[in-house]
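Peer 1: A single structure is presented below for examination.
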Amino acid sequence: MDTGWTQELLNWLNAHPGWGVSIVFLVSFLESLVLVGILLPGIVILFGVGALIGLGLLEMVPVWVAASTGAFLGDVLSFYVGRRFRAHLLDIWPFSRYPALMERGTRFFHAHGAKSVVAGRFIGPLRPVIPSVAGMMGMKPPRFLAVDIPTCLVWAPSFLLPGMLFGASLEVASEYTARLAAMLVIVLAILWMTWWLIRFLYGPLATRSARWMRHGIRWSRRHPLLGRLVGPVLDPSRGEVLSVSMMGILLVIILWGLVMLLFLSPFADQPKAVDQAVQEMALALRNHLTDPLMVGISQLSRWPVSIFSAFALFLWLLGAGRQSAAVHWLIAIGGGGLLHVLLSWSLRNTPQVFEMAGYTLQSPSAAMSLPTVALTFFAVMEAGELARKHRHWPYLVSALILILLGLSRLYLGLEWLSGALMGLVAGLAWTAIVGIAYRQRAVRRFSGAAASLIFYGSFLALFSWQVSEHVNKDLSALTAPAVAVRISESEWWAYGWKDLPKERTQLSSVASRSFNAQIAVDPERVSKLLESNGWKKAPEADWRWIIQALNPEPDQASLPLLGRAFQGRSEKLLLSRDLEPEGRLLTIRLWDSGVRLEPGGQILYLAQLSEEVLVQRLGLFSYWRSTSVDKSHFGPLLSPFGALEKKRVDEDLLLIREIPHSD
């Protein structure tokens, strides 16, 4: 992945921090101007600037002052415009083009008075409107200034903080593996886009969907063929379980056939170009820190999670006397299960990113269809029980869960993109069919809160059980092995070392990137030799590291070292020893290079000797940051290796191997 241009931009901003401060001032000023701020994505820009602060490229205080000053001057100018033109402001272009927005701001000011100046600054659509409305409505300038100045001072850090946290976490992620940083950016971007699209599209669709549905139902009933097929499903007067179930099964089969025609790629022996590109990207992003999380999320696709949580809700609906809802829920889940089976028979095998030796995950995957039906149909049922302004929340929850599930399966190589989309589209289509039938018949309401507790509670419980049962086995089966390249030991010792990677990562923000040694010795022997000279094995870090990193006064004892990745794999050996002054460590890490030396098949390891320094970001959390090692510290590395053969082939590169036995 080419990140050169982004690195050049970060380097430029690091060298010219004044420009960053000027940009923040200009963005904050323009975003606060009356109506101009509607057209400017200022929040996105401030998030990016906050990320640069978190990365340590910009200072917080100058940016804070610039953002607050720009926001204040923009508010003052907007206030003056409103005070100058008063009621005539609504007749002047461009204000006359946005009467609804100006009217909304006026109502908000009437309702909250001076407090609207505070609240409006934190509400995106009202931010460029409220100051001008305050001036237009005759608010006294001293009163406005007394409220607006502290508001601007508080607003700036509150909108910079999310970006700062993201930038700091990105710095930590890139320190340990660039792939984790890339995954973090991709996942957050996709989740944010999903959230934004649903929030943006739900309102217009909700206002028009009822009219579209009525037209569609009338047309389908008049159609000579569709009328006979979908009549029992869509006719609210036909409540017979048998007719609805039989028609539902027939519609599932028809839907499956249509989907097969639309997605021809699953019938092909080889993946299409897009499938192949997505698979290669996923393989390039694999890393040992993200793998456990993605394997855990992928357990959502196991059928017990959807089936048993669906069964729990079905029993509750029956017990609550909601037979119609229970019947439609049963039909929806039954159809989703049938889709799952049909797609499993039709899809080609899942991508074989690496050998999984007869493991059950090799079977064709249609795992997206059943969770899609369970989550989205429950969202249809639950949304009908909520007030109109809250009905988008069930759809948001379902969409975010399904996006995470799809990303995890693509990341792990358990899906082709076409197969994942097929399962998702088929599940959504079936939900739409049964959802229309349910909405036509839904008369009696039930407790949405109780239904949510039953469904999501059992869903979470079954998911947790599946994680505890399968995650270790799945993680072992889905871990990508090192690609073995075999060369002779004499060839490597003479000149083959030149062909091996020189750096662990290409990110220039990581201070210690270069490998210092290539070692053809078993890690256990290396460990024993170094431990006899004062080195210690670093304790393995786990999830508690997140809590330990929040310690305001961290040290070697309270904050363990995290593993670092090379080509998505963690080190095989990590040892450390204390350095003076206190608070610094000397570490050596060994990674499998993928090279096997013949004869004998000895694994060749790439080694990195680094100094580790405790760094605290934003006063919130700490981590160990690697720095380039001082050459004077090569002595502690070489002295224990007296029984091994050593050769310096470059100024900063050592070759180490067992002394060859003479014949």
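Bear in mind that the values in this text are calculations on the coordinates, not laboratory data. Bear in mind the structure is a predicted one, so any value in this text is a computation, not a measurement. A quick note on method: Cβ atoms are made from the backbone with ideal geometry, for glycine too, and the neighbour counts reach across all protein chains shown.
Peer 1: With 10 angstrom as the radius, rank ASP592, ASP652 by how many other C-beta atoms surround their C-beta, starting from the fewest. If you can, show how the numbers build up before the last one.
Peer 2: On the way: ASP592 21, ASP652 16.
So the ranking, lowest neighbour count to highest, is ASP652, ASP592.
Peer 1: To continue, here is another question. Search the structure for amide H atoms under 5 Å from the amide H of SER570, placed 1.01 Å from N in the peptide plane, and list their residues when 5 or more places away or on another chain.
Peer 2: Here the answer is HIS288, since their amide H atoms fall under 5 Å of that of SER570.
Peer 1: What are the ³J(HN,Hα) couplings of segment 410-426, residue after residue, when phi is run through the Karplus curve with 6.51, -1.76, 1.60 and θ = phi - 60°? Round to Hz, x for glycine and proline.
Peer 2: 5, 4, 7, x, 8, 9, 7, 4, 5, x, 5, 5, 5, x, 5, 5, 4
Peer 1: Run the quick spin-label model on SER628 and VAL341: label points 7 Å from Cα toward the beta carbon, then report their separation in nm to one decimal.
Peer 2: Label at SER628, label at VAL341, 6.5 nm between them.
Peer 1: In terms of modelled amide H atoms, which long-range or inter-chain residues lie less than 5 Å from the amide H of ARG504?
Peer 2: Residues meeting the criterion, in which the H sits 1.01 Å from N, are SER514, PHE515.
Peer 1: May I pose another question? Note down the nm distance, to one decimal, between modelled labels 7 Å out along Cα→Cβ at ALA511 and at HIS110.
Peer 2: If labels sit at ALA511 and HIS110, their model points lie 6.1 nm apart.
Peer 1: Rank the residues TRP19, TRP497, TRP624, TRP465 as a footprinting-exposure proxy: fewest other Cβ atoms within 10 Å of their Cβ go first.
Peer 2: Values: TRP19 12, TRP497 18, TRP624 26, TRP465 15.
Placing the least packed residue first, the sequence is TRP19, TRP465, TRP497, TRP624.
Peer 1: To continue, here is another question. Could I have the simple spin-label model distance between ASN551 and SER158, label points 7 Å from Cα toward Cβ, reported in nm to one decimal?
Peer 2: 3.4 nm
Peer 1: Among the lysines, select those whose C-alpha is under 24 Å from the C-alpha of LYS140, and discard any that sit fewer than 8 residues away in the same chain.
Peer 2: Partners found: LYS115.
Peer 1: So what J values fall out for segment 60-70 if you push phi through Karplus, 6.51 cos²θ - 1.76 cosθ + 1.60 with θ = phi - 60°, rounded to Hz, Gly and Pro as x?
Peer 2: Rounded to whole hertz, the list is 5, 4, x, 5, 4, 4, 5, 5, 5, 5, x.
Peer 1: Straight-line reach from LYS498: which lysines fall under 26 Å, measuring Cα to Cα and dropping same-chain residues less than 8 apart?
Peer 2: Here the lysines satisfying the reach criterion relative to LYS498 are LYS572, LYS631, LYS646, LYS647.
Peer 1: Would you work out the relative contact order for segment 485-658, in percent, from Cα pairs under 8 angstrom that are 6 or more residues apart? The partial results should precede the final answer.
Peer 2: Working: 295 pairs, mean separation 48.9, N = 174.
Value for segment 485-658: 28 percent.
Peer 1: Something else: Between the DSSP loop rule and a limit of at most 12 other Cβ atoms within 10 Å, which chymotrypsin sites (Phe, Trp or Tyr not before Pro) in segment 527-561 are left? Display every interim value, and only then the final one.
Peer 2: Details: sites: TRP535, TRP543, TRP545; in loops: TRP535, TRP543.
Filter output for segment 527-561: TRP543.
Peer 1: With viscosity set to 1.306 mPa s at 10 °C, what whole-number translational diffusion coefficient in µm²/s follows for segment 485-658 from Stokes-Einstein and a Kirkwood radius over Cα pairs?
Peer 2: Details: Rh = 17.0 Å.
D, rounded to a whole number, is 94 µm²/s.
Peer 1: Report, in debye and to the nearest 20, how large the dipole of segment 463-605 comes out about its Cα centre when Lys and Arg carry +1 and Asp and Glu carry -1 on their Cβ.
Peer 2: On the way: 18 positive and 19 negative charges, 53 e Å.
That gives segment 463-605 a dipole magnitude of about 260 debye.
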